[in-house]
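Since every read-out is calculated from the coordinates, none of them should be taken as a lab result. None of the values given here were measured: they were computed from a predicted structure. Cβ placement follows ideal geometry from the backbone for every residue including glycine, while neighbour counts extend to all protein chains displayed.
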Amino acid sequence: MPAPEVRDAARVPVHGLTVLYDADCSLCTFLRDWLLREPQLVPLDLVPAGSQEARRRFPGLDHRATLDEITVVGDAGQLYRGPGAWVVTLWALRGRRALAHRLSTPTGARLARGAVLAAAKWRGAQWGGRAYRQGDGWSYDPAQGWTHTGPGCDGGACATR
């Protein structure tokens, strides 16, 4: 499939959606599992963001950005990010389509945006404009918050940024 392009979603039918989720985020994996259990009107394919599979399917996508913000790609190249991505994902579910329609109104869009920002804050994505990543040495303790353990300085050589 070629690189996804932004298309007029009102005129291009959606027959399947690929949801790119952060596999290192406990909230994201919880939501992935919930989505897989929900009856779907439009098939959802859940793929870890930034993975080899995601890069193979969508070579033109900014894969670093998909780790910071939910991204959904439609089967005809439609691209959804942030609150719009959540709304289209809910729209694909049998029991949530009416909610998706309510969230697509101007008032509902503000609520959807607030929910996405709350989730981003919970997962630490607002600090410094990037997510805390376990692979980068970050860990979370409910009593202490986020902590970072950088690489060791064996032999007196420390990596700096």
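Summarising the amide proton neighbourhood of TYR21: residues at separation of 5 or more, or on other chains, whose placed amide H is nearer than 5 Å comprise VAL47, ALA49.
Name the residue farthest towards the positive end of the dipole of the range 42-115 from the options GLY50, VAL72, SER104, assuming +1 on Cβ of Lys and Arg, -1 on Cβ of Asp and Glu, about the Cα centre. Value computed over the given set: SER104. Hey, for a label at SER104 modelled as a point 7 Å past Cα toward Cβ, could you say which residues of the range 10-48 have their backbone N under 16 Å away? Under cut-off, by backbone N: 10-17, 41-43. Between the C-alpha center of the range 32-57 and that of the range 84-109 there is a gap of 18 Å.
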